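J.: Can you read through this structure? Questions will come right after.
We did not get these values from a lab; they are worked out from the coordinates using the rules stated. In this text, all values refer to a predicted model and were calculated from it rather than measured experimentally. Here Cβ is always computed from backbone atoms with ideal geometry, including for glycine, and neighbour counts include all displayed protein chains.
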Amino acid sequence: MPNPALPIWTSPKRMARAVLAASPIYARLRSRALRDNPLTALTYHSLGADDEDFDAWIVVRQGDFLRQVDLLRRRYDLLSLDEAVKAHTESRPSDRPRAVITFDDGHESLHRYLLPIVERERIPVTVYVATGHIQTGRSYWFDRVMNALQTSQPVALDLREDGLGEWTVGSTRGERNWNVISGVLQALKKQTPERRELLCERIVEKMAMAPRPRFTPLSPMSPSQLQELAASRWVTLGAHTHCHNLLDQLTLKQASDSIAQSRDLLRQWTGRPIDHFAYPNGNHNEDLVREVESLGFLSAFTADKGLWPQGTSRYAASRIAVGRYDDLSKFKLDLVGGVRR
């Protein structure tokens with residue numbers, strides 16, 4: 001029986017990636033990328049069931065995640081973030097390259113799918129938690145938009161009166177449909193936080209009657225689910241702000257207050273140390289980097305794609321983002337590309 005997670009038709013781009021990832025050239029690329037002992041940090045967001053019909057890049061099928069973890073275990077030492085940052089900053093030599101697995105935001109799926117996996121497979125992971133949606137139970141704007149734009153039939157979304165154009169979602173399925181949804185999200189990111197919330201509510205209202213595919217909507221963990229996740233010896237918690245706004249759109253004080261609130265609430269809820277931070281959407285600048293360091297964190301990750309070379313800032317470290325439409329060949333190639341110098 002064919003694997004439902006794999007397309008029957010393979011695009012020329014996928015075929016080319018598969019050939020390259022299996023060729024002797026790949027071994028040379030990998031050797032070159034890892035020659036200075038960089039840290040490989042991977043960014044995920046959410047996991048979903050393998051047969052779920054959800055056009056959202058951030059929702060990785062759990063079967064794909066397990067295949068990626070299997071590949072990593074064969075080629076890397078998977079470390080906790082505390083271990084990795086300590087070894088990396090001390091420039092400790094290693095016989096095998098080091099890697100860490102991180103998840104951003106704090107979706108309910110991490111309790112449902114990730115927690116059983118890390119307990120069974122003994123995989124160290126770091127979860128960066130944005131505390132606002134945990135505290136209120138209300139999903140952030142981007143999750144509400146992604147949920148609203150899931151439709152099993154074509155629907156025209158007219159946002160011209162708001163200056164955001166007209167979009168047709170659901171005319172295709174899979175990555176092409178995600179590209180449309182992503183376009184809406186990118187347009188919303190350019191708005192102020194207040195206007196973005198209003199536009200989000202308008203989109204949710206316009207899409208309220210759309211026919212839905214079978215999927216589990218994105219939602220935050222409850223405080224009790226977060227506590228269960230935090231109790232695992234395999235899980236490190238990190239801060240991801242309280243508001244999950246783009247920090248470079250805020251004043252420095254607003255950004256600092258949100259970062260500190262996230263850290264303080266996580267400490268209060270779980271009794272765990274919160275020593276690491278990740279910038280929402282990766283947005284950062286020099287002032288934010290200095291502020292995060294002054295708050296006492298041991299590391300901070302951006303969304304800059306690439307490996308994290310030794311000798312570079314602990315507070316603007318690179319990661320490799322992994323999404324739903326990344327086949328194993330793309331995953332392998334991403335592991336050896338984009339070393340930041």
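J.: Given Cβ point charges of +1 (Lys, Arg) and -1 (Asp, Glu) and nothing else, what value in debye, to the nearest 20, does the dipole of the stretch 1-146 about its Cα centre take?
T.: Charge dipole, the stretch 1-146, about its Cα centre: 800 debye, nearest 20.
J.: Report, by chain and number, residues whose modeled amide H sits under 5 Å from the one on I320, excluding near sequence neighbours (fewer than 5 apart, same chain).
T.: HN-HN under 5 Å from I320: A41, L42, T43, G306.
J.: In the set [x] 55, 34, 21; [y] 34, 22, 20; [z] 30, 27, 19, which value of semi-axes √(5λ) of the Cα gyration tensor in Å was calculated from the structure you see?
T.: [z]
J.: In whole percent, what relative contact order does the stretch 141-206 give with Cα contacts below 8 Å and a gap of six or more residues?
T.: 36
J.: Need one word for the stretch 177-336: rounded, prolate or oblate. Basis is the Cα gyration tensor (sqrt eigenvalues a ≥ b ≥ c); a/c below 1.5 gives rounded, then a/b vs b/c decides.
T.: Judged from the Cα gyration tensor, the stretch 177-336 comes out rounded (a/c under 1.5).
J.: Under the classification rounded if a/c is under 1.5, otherwise prolate if a/b is larger than b/c and oblate if not, where does the stretch 1-117 fall, given a ≥ b ≥ c as square roots of the Cα gyration tensor eigenvalues?
T.: Oblate, because a/c is 1.5 or more while a/b does not exceed b/c.
J.: Could you give each residue of the stretch 76-86 its phi-based ³J(HN,Hα) in whole Hz, using Karplus coefficients 6.51, -1.76, 1.60 with θ = phi - 60°, and x for Gly or Pro?
T.: 9, 8, 8, 10, 5, 5, 4, 5, 5, 5, 4
J.: Determine ³J(HN,Hα), in whole Hz, for all residues of the stretch 197-209 in sequence, where each value follows from phi through the Karplus function 6.51 cos²θ - 1.76 cosθ + 1.60 and θ = phi - 60°; x replaces Gly and Pro.
T.: Once θ is set to phi - 60°, the couplings for the stretch 197-209 become 4, 4, 5, 4, 4, 5, 5, 4, 5, 5, 9, 4, 9 Hz.
J.: Rank M15, Y113, F331 by how far each Cα sits towards the positive end of the charge dipole of the chain (+1 on Lys, Arg Cβ; -1 on Asp, Glu Cβ) and give me just the farthest.
T.: So the residue we want is M15.
J.: Hey, in the GNM for the chain with a 10 angstrom Cα cutoff, which one of V204, V145, V19 fluctuates hardest?
T.: Maximum among the listed residues: V19.
J.: Provide K13, K330 in ascending order of the number of other Cβ atoms located within 10 Å of each residue's Cβ, fewest first.
T.: So the residues, fewest neighbours to most, are K13, K330.
J.: Using just the helices of the chain, give the 222 nm mean residue ellipticity in deg cm²/dmol: DSSP H runs with n ≥ 4 each add -39,500 (n - 2.57), and the total is spread over all residues, rounded to 500.
T.: Helix-only estimate at 222 nm: -12000 deg cm²/dmol.
J.: Relative contact order of the chain, please, whole-number percent, based on alpha carbon pairs below 8 angstrom and at least 6 residues apart.
T.: Relative contact order comes out at 23 percent.
J.: Among DSSP beta bridges lying fully in the chain, give the percent that are antiparallel, nearest 5.
T.: 15
J.: Which of I320, W269, N285 sits closest to the plus end of the dipole of the chain, meaning its Cα is farthest towards the positive end, when Lys and Arg get +1 and Asp and Glu get -1 on the C-beta?
T.: Of the options given, the answer is I320.
J.: Name the long-range amide H neighbours of R61: under 5 Å, sequence gap of 5 or more, or other chain; modelled H, no Pro or chain starts.
T.: It is G48, by chain and number.
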